[in-house]
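Here is the structure we will look at, set down as structure tokens.
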Amino acid sequence: MNLLKLNQEILIKKFHILTLQMAPRARKVRPRAAKPNEELANILLEIGEYEKNVNLQPFKYQAYRRAAQSLSEHPEKIKRIEDAKALKGIGKRISEKISEYLKTGKVSKLMEARKNDKSKILKELTRVAGVGPSHAQKLLSEGIKSLEDLKSHQNLLTHQQIIGLKYVDDFEQRIPRSEMAEIEKFLFEKIKKIDKDYTITLCGSYRRGLESSGDVDLLITHPNYVSLRYAEEYRLKATKNLIIETKKSPIDLLKNIVNKLSEIGFISDTLALGETKFMGVCKVAHDKLHRRIDIRLLPYDEYYCGVFYMTGSDVFNRDIRKIAKEKNFILNEYCLRKLNPDGTPGKALKVESEEDIFRHLGIDFIPLEERY
DNA sequence: AATAGCCAGCG
DNA sequence: CGCTGGC
């Protein structure tokens, strides 16, 4: 009996009942404070989008987003500029905008951006999935001014963008929780039929219990696929039954699923398909819209760090990673490691559930519904 | 200096 | 191959 087999059996036993990580019931009451600064926050967000899409300034966009986030979380209406400056993420330039807003009720930079034709067109073009600020500028320079123009000049688009254009309207619609649950059930049944050892988890806001989601984010794993780190630690050798990450043997674990889901008509389009990541389009029933779906294959030993990370929220992830750092751990998408006195990371800790992450960090488990 | 890494497409 | 863009 080799070590691998033993390990696998233990893991499989342990994981079997958890194979489908059921998402929690929807939040009953979302503890939602009033948002007295929402208008201001939205103005900043809009300026941020302008910086990103028109001025190609993604970092300014991030800065505006952070500021907007601070403001919308702040429970009291900002009346004086000093109150705003005290919030995190609000520095000199942004507080100037807030000052102007407090005095006049508007921000001239935004007013100019709104009446700027170029920015209107770029905003319209970037509605297409796969068209970012850079492509949008290029399209504009070739005379494309609207989605209508794009429809008649598809030769200017990549395959991804053609699909994005085809479904622009669908992709802008949120996915109701009930439909997410239907998708989850469907995927579970179909994937288990391919191979019962697959573990699958629908992550993102759905897993946190929100009433709607932007897209479908599915993580999958299989005991036959482990990380290189894990293989080295247990001195595992790749075999026909064990695939080790980064060993250049083709991994079919994802493709098998994608092929099957395409065959039965659930997946309608493929945007990108590699060995570990699929991006595409799905539709769960005729009366439903087309939805963006990502499927990621993770090594078995890294699964729960991945699930934790992909469940978010991103703000929550940042907070937890900070706590980890304070306690001399380093947490990322793949693993949790204790830092040595010299600051280098030690061996990956065993993480076989999300609870393990909290346990290692010495903090109480934070329920899915509370991960803002 | 800013999240990170996968995939497509291009030269 | 390495780079860029998008997500």
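The values are calculated or read from the model by the stated rules, or taken from the named source; none is laboratory data. Only a predicted model underlies this, so the values are computations on that prediction, with no experimental measurement involved. No Cβ is skipped: glycine too gets one built from the backbone with ideal geometry, and neighbour counts run over all protein chains shown.
Would you check if A:Asp149 is assigned to a helix (DSSP H, G or I), without any contact (Cβ under 8 Å) to a residue 12 or more places away in the chain, within 16 Å of DNA strand C (Cβ to nearest atom) and more than 18 Å from the chain's Cα centre (by Cα)? Against the criterion (assigned to a helix (DSSP H, G or I), without any contact (Cβ under 8 Å) to a residue 12 or more places away in the chain, within 16 Å of DNA strand C (Cβ to nearest atom) and more than 18 Å from the chain's Cα centre (by Cα)), A:Asp149 does not qualify.
Report yes if A:Lys88 is part of a loop (DSSP other than H, G, I, E, B) and at pLDDT below 90, otherwise no. So A:Lys88 passes the test. Of all residues in the stretch A:128-146, those satisfying the criterion of being of a type in the set (Ser, Thr, Tyr) and assigned to a helix (DSSP H, G or I) are A:Ser134, A:Ser141. Being over 22 Å from A:Ile244 (Cα atoms) and out of contact with any Asp or Glu (no Cβ under 9 Å at 6 or more places or on another chain) is the filter; apply it to the stretch A:291-313 and report the residue that is nearest to DNA strand B (Cβ to nearest atom). In this case the residue turns out to be A:Gly312.
For the stretch A:222-243, the condition of being among the aliphatic types (A, V, I, L, M) and within 16 Å of DNA strand C (Cβ to nearest atom) holds for none of the residues. Quick check: is even one residue across the stretch A:259-268 among the aliphatic types (A, V, I, L, M), buried (at least 16 other Cβ atoms within 10 Å of the Cβ) and at pLDDT 90 or above? Yes, that holds for at least one residue.
Among the residues of the stretch A:242-254, those identified as in contact (Cβ under 8 Å) with a residue 40 or more places away in the chain and either more than 24 Å from A:Phe266 (Cβ to Cβ) or touching a Pro at 6+ places or on another chain (Cβ under 7 Å) (or both) are A:Leu242, A:Glu245.
Residues in the stretch A:260-290 that are within 14 Å of DNA strand B (Cβ to nearest atom) and either within 18 Å of A:Met180 (Cα to Cα) or over 21 Å from the mean Cα position of the chain (by Cα) (or both): A:Ser262, A:Ile267, A:Met279, A:Gly280, A:Val281.
Select from the stretch A:84-100 the residues that are away from DNA strand B (no atom under 15 Å from the Cβ) and crowded, with 16+ Cβ neighbours inside 10 Å and list them in ascending order. Answer for the stretch A:84-100, where residues must be away from DNA strand B (no atom under 15 Å from the Cβ) and crowded, with 16+ Cβ neighbours inside 10 Å: A:Ala84, A:Leu87, A:Ser95, A:Lys97, A:Ile98, A:Glu100. Checking each residue in the stretch A:124-134 for being within 22 Å of the chain's Cα centre (by Cα) and surrounded by 18 or more Cβ atoms within 10 Å (Cβ to Cβ) picks out A:Thr126, A:Val128, A:Ala129, A:Gly130, A:Val131, A:Pro133. Tallying residues that are over 16 Å from the mean Cα position of the chain (by Cα) and either without any contact (Cβ under 8 Å) to a residue 24 or more places away in the chain or part of a loop (DSSP other than H, G, I, E, B) (or both) within the stretch A:194-224 yields 8. Quick one: would you say A:Glu49 is surrounded by 17 or more Cβ atoms within 10 Å (Cβ to Cβ), acidic (Asp, Glu) and assigned to a helix (DSSP H, G or I)? In short, yes.
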